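**Student:** Got a structure for you, questions after.
The values are calculated or read from the model by the stated rules, or taken from the named source; none is laboratory data. Only a predicted model underlies this, so the values are computations on that prediction, with no experimental measurement involved. Cβ placement follows ideal geometry from the backbone for every residue including glycine, while neighbour counts extend to all protein chains displayed. Accessible surface is based on the protein model in full, side chains and every heavy atom, while ligands, DNA and RNA are left aside. Shrake-Rupley method; radii C 1.70, N 1.55, O 1.52, S 1.80 Å.
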Amino acid sequence: MSRHRDIWAVLGIARTSNVADIRGAYARQLRSFDVDADPQRFMTLRDARDAALRIARQQPALETDALSADQGETPTEDVPQDAEGAESLAFAPPPLPDAAQITAHLGEQPREGTVSVVVPPPPEADYRRDAAPVAAPAGDGAATLPGPGGGAHLEPAILDGGDQRGTIAVAVPDVALAAQMDQHYDAVRRLLAPHYGAPDERYLGADEEVLLAGHLDALLADPRLEQIAFRERAGAWFAEMAANSVPRSDSIVERLVATFGWAADRGRIDQPRDVARVLARRDSLVFFRLVQEKKHPLNAAWRELVKPASAGSRRSFGVNRGDVQRLLKVVRENFPDLESCFDWYRVSLWETPGRVGRGGGAWRPAYFGLILLLGVLRAAFSGSDHSPPVTVPTPMSSAAITAVMERQRKVNDPVSDIAMALRDATGGMLTNDDLRKDNPKLGAELMTAWREAHDRGDALTDFLARTRRDLIRRANVSLRHAPWQLAAESRQLELDQFEATRQQSPALCGALMDGGRMPPIVATRFADRENALIRHALLESDGAGGAAPAGGKFNVPGAVMKDAAARAALSHDDLVAALNRRSTPARTCDARIALLQAALALPPKDGLKLLREM
Amino acid sequence: MIVGIDLGTTNSAVGIWRDGRSELIPNALGDLLTPSAVGIGDKGEVLVGMAARDRQSTHPQLTATAFKRWIGTRETVRLGKKSFDAEELSALVLASLKSDAEAFLGEPVTGAVITVPAYFNDRQRKATRRAGELAGLTVERLVNEPTAAALAYGLQTRDEHEPFLVFDLGGGTFDVSIVEMFDGIIEVRASAGDNRLGGEDFNEAIVEVARPRIDPAGKLGKADPMVLRELLRAAAERCRRALSEAESAPFSITWKDGEYATEVSASEFEAQAEPLLARLRDPVLRSLRDSDIKVETLSEVILVGGATRMPIVRRTITRMFGRFPNNAVHPDHAVALGAAVQAGLKAKDADLDEIRLTDVCPFTLGVDHAVPDGRGGFRTGLFSPIIERNTPIPTSRVNYYYTLQDNQRQVNFNVYQGEAREVKSNVKLGTLNVPVPPKPAGDVVIECRFSYDTSGLLEVDVKVPASGLERNLVILDEEEAPSAEEVAARRAVLAGMKRHPRDESANVAVLTRAARCYESFTGERRDWIGQGLAQFEAALATQDPRVIEPAREQFTQFLNEIEGERYL
């Protein structure tokens, strides 16, 4: 993309990763014209600066051309833009930076005269779905107390921050308090999601509910909640916990919504998914409670619709049809959880059938007559009407049930089946049309696979699972042969995911390399990017085979090893050991991150091979 | 000459940039702050400022305050024989500030930079602009209040500043902005706020604590509700200010020679104000999230607005951020000083050569669209953002839309501003209809581009590539904007209203204050006030300034002793 070249032209400086220089150039440019008279120029300038800062953050401590000239290395010419456009990033040759510079840049040096506020976050939601429980990582022992600085001891005196600029009052991180709270967090997690991963659909027992309430009391009395950063993290933790453990979290949902004020954000476009889920669940519970009271206007309609099919096959008398329609509308739009309370047969009795474009009109009256006859017969012999107790069921909405039932059928329609498979693999980012336009060969191959499945009479679920595996494999193969841009993007995503996981817990990050899964908080954050990447890879894929390199081994040029060792602040041997997983998880993690960074810092020609094979 | 004006909910101020610094201009009474209050006097003359404010408890039907809360709406209030809307009332305040500035500077003032809360929507901003025009000022620019405070702070020392947070809790609105300063460039990263949270709400909290206690016998039920509300509010204001310094403060009102009083403790106030304090968190969180800055990297928390003097607010802020906030700027003056800086920038003053300011758009702008609902139908009335909030302005963004039905003839673009997912909860700014060629559903692509400039003007450009059609809409006003003649006519009406000559305003202010004190005290003190009042009126009758001025001084001193320092 030619935009990258223009960034530096617009800013008027040579390529650099020095933040102060970039800002200075921006300031100079901004002063040279009137923003109101020329808004377009401002937009270009601002975009250029933001892009430059982003690039700078990814490539720390790159020297400028001048310095590299001093070191006697020939600076690479600006690579001319070729047809692909990928090589238009003008890289200055990265001379190996000074180790001290690296640590100075990467390390968090507090500014003079300040004391940083250290707030350990609650333990991340450690459960993983669809995976066997991962053995607790040995060595660090930091599984329950992660966080920056891990509760460093500070003088328990509040500095007078009043007039002196730069001094900040210290929120004393009480290590004992943090440890105690972490135990409560752990207990809550164990109660709500006792089995790693597998969503538990049993309800909490009465005594468990009491325990849960007690732990929640303790957690919400935590004084750290007054700090806004901690509160945000705690809120996110609770939201994720509660959203993913419905219905076990039903008893605490109301309290969480009240404490964190999630109801105020109702209907906003930036409401996080988990919060929306918890809020929706709470609304459903409230409505469920209200609608069962006799005086609720829709009470009669409710009782009618939850009557099981076995208790009578006709519409009950005295129930207003308008009420039923309204109840259905309200529940479908606002409380989808509750839709599965309804008996589907009852609903079908009351619901107006939609226009179906198929034939068979002649059969309908006969069918109806048959049902009527059976109904009459049944009514004549039916026993007493009894309604079993209704509990709010598990959160399978009718859409989910339909989806499950749908998948149990056999493959029968190539277009929709393939579309479903694509949706599964890429989170909805790839459609049949995309394939048709950009990669018809892949589309044809999927079609062939479908035909084979159809001839065999496969169930849809099997087809979907197999296709998904196949697509992921193709995407990986494609990435292994990808051009630099795509390979770099994929590694960049991997780097970001690793770094985010490391932020949650270094131990987890190390486990990631062994095939563990990312914590859900991280996974959701990068889900879109990951799906976009898979989509991109699939569109580029030419279906070529190509085995994975044997044993997952790859060669790393010596210079890169040196660079990575410096970035990770490890010796060469330690780095090798870490990369070969013969070290603590935290170190393994750091090593991988360092290697990724080093690989990404290489110019396209040199880095391509390594990026592909890593 | 361009001045900078802070048009606040409770108080307003005007400032000027000269000699390399900004300074506030005193009004006729010598105060730097002028209360945002308008009243009608006994003879039908217009009173603005302190004089009007003092009359509020004695003549509540003839006085209006806190009208900033309904600017941008069409609400009106009846004062005496005439109805005013919020624009006209603001215009009267602005005109009074204009004449103060002209008197101080000795030259005519034609242009002004006026501040608005960062969270003011489009309608409120246009209404503020109209108020300026009604006052006879050319509104050079509208500036966001926290941005203005950041300007004032940044110019105190022209250093580099890591991102800092401006916490502006005024009389009626709450704004948060995160601002960065480097190389003379002041850059706003994100803004958020609450238009319905301010000092006035804390007053109401005190009233809720005290009201049940002062009148166990229920005698106040016979009072005129408007009068009673004013009395309670004024007493609450005093009590709240006193609580800033003491652990408990008296709350008392006087009505029909009876005194109704109680003590309110700081802890009761804190408990009652708890939900208000909780509301302070949300805008802070949102602005941090939008600017992607962590709390730990903030360098300062700057307090702006009189309400930040309350200890409960300070405590909440300290706990929120884990550090003490910064008192570097004067909370009441910072916004006006910043507005003056912006006025200097507009006038291209040489001292401000290297300073540049970039702001952001605080609201999301978009159109409504429909989304398939999974049952074969469409869910309409959903918001599709085109310019996300906190995008640096000026900005221009584009989005693409498709037709919903086969052979659709026309596409409606309704322009909305807000954050809700359903457009019915957002503010509608305008409509644009575009004819499209008949084609199957989804085959026609329409390109919709929004351009938003620094003065808050939104332009919508719609293009249909299939037919080559282009349409353009500039969002001026949802209703028709008043024509130039209408504006001139309204301005003439306002200008024609009777007022006291400028040099008399000090006397008028003292008289109204004395009248208010007379009503609020009983017994002995009331007699004294009556006597002092009679003496002062005698001095006024002589019409001799040499007699009047010392008499006024003395009387003012006397009133200060009786009721404590007059607060602003």
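**Student:** Any residue at all in segment B:337-349 that's under 15 Å from B:S22 (Cβ atoms), within 12 Å of chain A (Cβ to nearest Cβ) and either open to solvent by 30 Å² or more (accessible area, probe 1.4 Å) or modelled with pLDDT under 90 (or both)?
**Tutor:** Yes.
**Student:** Which of the residues spanning segment B:408-445 are among the small types (G, A, S), in contact (Cβ under 8 Å) with a residue 40 or more places away in the chain and more than 19 Å from B:I387 (Cβ to Cβ)?
**Tutor:** Correct list: B:G442 only.
**Student:** If you don't mind, another one. Given the options B:P311, B:P331, B:P283, B:P325, name the one that is within 10 Å of another protein chain (Cβ to nearest Cβ) and farther than 30 Å from B:A217 by Cβ.
**Tutor:** Exactly one residue qualifies, and that residue is B:P325.
**Student:** Tell me which of these A:R289 doesn't satisfy, since it passes every other one: (1) closer than 14 Å to A:D337 by Cα; (2) touching a helix residue (DSSP H, G or I) at 6+ places or on another chain (Cβ under 8 Å); (3) away from chain B (no Cβ under 14 Å).
**Tutor:** (2)
**Student:** Next question. Quick one: is B:F383 over 24 Å from the mean Cα position of the chain (by Cα), at the interface with chain A (Cβ under 8 Å from one of its Cβ atoms), farther than 30 Å from B:L155 by Cα and among the hydrophobic types (A, V, I, L, M, F, W, C)?
**Tutor:** yes
**Student:** Is it the case that some residue within segment B:455-478 is within 14 Å of chain A (Cβ to nearest Cβ) and open to solvent by less than 40 Å² (accessible area, probe 1.4 Å)?
**Tutor:** Scanning segment B:455-478, I find at least one residue that is within 14 Å of chain A (Cβ to nearest Cβ) and open to solvent by less than 40 Å² (accessible area, probe 1.4 Å), so the answer is yes.
**Student:** Name the residue, out of B:R74, B:R53, B:R69, that is basic (K, R) and either within 30 Å of B:A347 (Cα to Cα) or surrounded by fewer than 17 Cβ atoms within 10 Å (Cβ to Cβ) (or both).
**Tutor:** After ruling out the rest, the residue left standing is B:R74.
**Student:** Next up: I need a count of the residues in segment B:309-331 that are buried (at least 22 other Cβ atoms within 10 Å of the Cβ) and of a type outside the set (A, V, I, L, M).
**Tutor:** Residues flagged as buried (at least 22 other Cβ atoms within 10 Å of the Cβ) and of a type outside the set (A, V, I, L, M) within segment B:309-331 amount to 3.
**Student:** Right, something else. For segment B:512-543, name all the residues that are modelled with pLDDT of 85 or more, open to solvent by less than 90 Å² (accessible area, probe 1.4 Å) and of a type in the set (D, E, K, R).
**Tutor:** Result: B:R513, single match.
**Student:** Between a first residue in segment B:291-303 that is more than 10 Å from chain A (Cβ to nearest Cβ) and more than 18 Å from B:T316 (Cα to Cα) and a second residue that is outside any strand (DSSP E or B) and at pLDDT 90 or above, which pairs have beta carbons less than 7 Å apart while being 6 or more apart in sequence or on different chains?
**Tutor:** Note: pairs meeting the criteria are B:S291/B:N390.
**Student:** Can you run down the residue pairs with Cβ atoms below 6 Å, 6 or more apart or on separate chains, where the first is in segment A:7-20 and over 18 Å from A:A601 (Cβ atoms) and of a type in the set (A, V, I, L, M, F, W, C) and the partner is open to solvent by 50 Å² or more (accessible area, probe 1.4 Å) and in a helix (DSSP H, G or I)?
**Tutor:** Sorted first by the residue in segment A:7-20, then by its partner, the pairs are A:V10/A:T44.
**Student:** What are the pairs with Cβ atoms under 9 angstrom where one residue, in segment A:449-467, is farther than 11 Å from A:D417 by Cβ and open to solvent by less than 80 Å² (accessible area, probe 1.4 Å) and the other, located anywhere, is at pLDDT 85 or above and not basic (K, R)? Sequence gap at least six, or different chains.
**Tutor:** Going by the 9 Å Cβ cut-off, there are no qualifying pairs.
**Student:** Inside segment A:37-63, can you point out the residues that are under 15 Å from B:T395 (Cβ atoms) and either open to solvent by 70 Å² or more (accessible area, probe 1.4 Å) or in contact with a Gly (Cβ under 7 Å, 6 or more places away or on another chain) (or both)?
**Tutor:** Answer for segment A:37-63, where residues must be under 15 Å from B:T395 (Cβ atoms) and either open to solvent by 70 Å² or more (accessible area, probe 1.4 Å) or in contact with a Gly (Cβ under 7 Å, 6 or more places away or on another chain) (or both): A:Q40, A:R41, A:D47.
**Student:** Okay, next question. Before we move on, is B:L288 within 14 Å of chain A (Cβ to nearest Cβ), among the aliphatic types (A, V, I, L, M) and crowded, with 20+ Cβ neighbours inside 10 Å?
**Tutor:** Yes: the conditions hold for B:L288.
**Student:** Follow-up. Failed condition for B:R213, given (1) within 14 Å of chain A (Cβ to nearest Cβ); (2) touching a strand residue (DSSP E or B) at 6+ places or on another chain (Cβ under 7 Å); (3) of a type in the set (K, R), with all others met?
**Tutor:** All conditions pass for B:R213, except number (1).
**Student:** I would also like to ask the following. Taking B:K439 and the conditions (1) assigned to a loop (DSSP other than H, G, I, E, B); (2) among the basic types (K, R); (3) within 14 Å of another protein chain (Cβ to nearest Cβ), which numbered condition does it fall short on, given that it satisfies the others?
**Tutor:** All conditions are met except number (3).
**Student:** So B:G376 passes all but one of these: (1) within 13 Å of another protein chain (Cβ to nearest Cβ); (2) in contact (Cβ under 8 Å) with a residue 12 or more places away in the chain. Which condition number does it fail?
**Tutor:** Evaluating B:G376 over (1) within 13 Å of another protein chain (Cβ to nearest Cβ); (2) in contact (Cβ under 8 Å) with a residue 12 or more places away in the chain leaves (2) as the failure.
**Student:** Counting only residues that are open to solvent by 20 Å² or more (accessible area, probe 1.4 Å) and within 19 Å of B:P250 (Cβ to Cβ), how many does segment B:199-208 have?
**Tutor:** 3
**Student:** Scan segment B:144-160 and tell me whether some residue there is more than 19 Å from B:H333 (Cβ to Cβ) and surrounded by 18 or more Cβ atoms within 10 Å (Cβ to Cβ).
**Tutor:** no
**Student:** Pick from segment B:257-280 the residues that are in contact with an Asp or Glu (Cβ under 9 Å, 6 or more places away or on another chain) and free of Cβ contacts under 8 Å to residues at least 24 places away in the same chain: which of them is farthest from the other protein chains (Cβ to nearest Cβ)?
**Tutor:** The residue in question is B:S265.
**Student:** Okay, moving on. Across segment A:234-261, what is the number of residues that are part of a helix (DSSP H, G or I), within 14 Å of chain B (Cβ to nearest Cβ) and either over 21 Å from B:P275 (Cα atoms) or without any contact (Cβ under 8 Å) to a residue 24 or more places away in the chain (or both)?
**Tutor:** 3
**Student:** If you check B:N414 against the conditions, is it away from every other protein chain (no Cβ under 13 Å) and open to solvent by 30 Å² or more (accessible area, probe 1.4 Å)?
**Tutor:** The answer is no for B:N414.
**Student:** Pairs only if they're at least six apart or on different chains, beta carbon under 6 angstrom, first in segment B:330-358 and in a strand (DSSP E or B), second open to solvent by less than 10 Å² (accessible area, probe 1.4 Å); list them, first residue then second.
**Tutor:** B:R356/A:L30; B:R356/B:I185; B:L357/B:I186; B:T358/B:E187
**Student:** Taking the condition assigned to a helix (DSSP H, G or I) and either on the phi > 0 side of the Ramachandran plot or surrounded by 21 or more Cβ atoms within 10 Å (Cβ to Cβ) (or both), does B:L277 pass?
**Tutor:** Criteria not met by B:L277.
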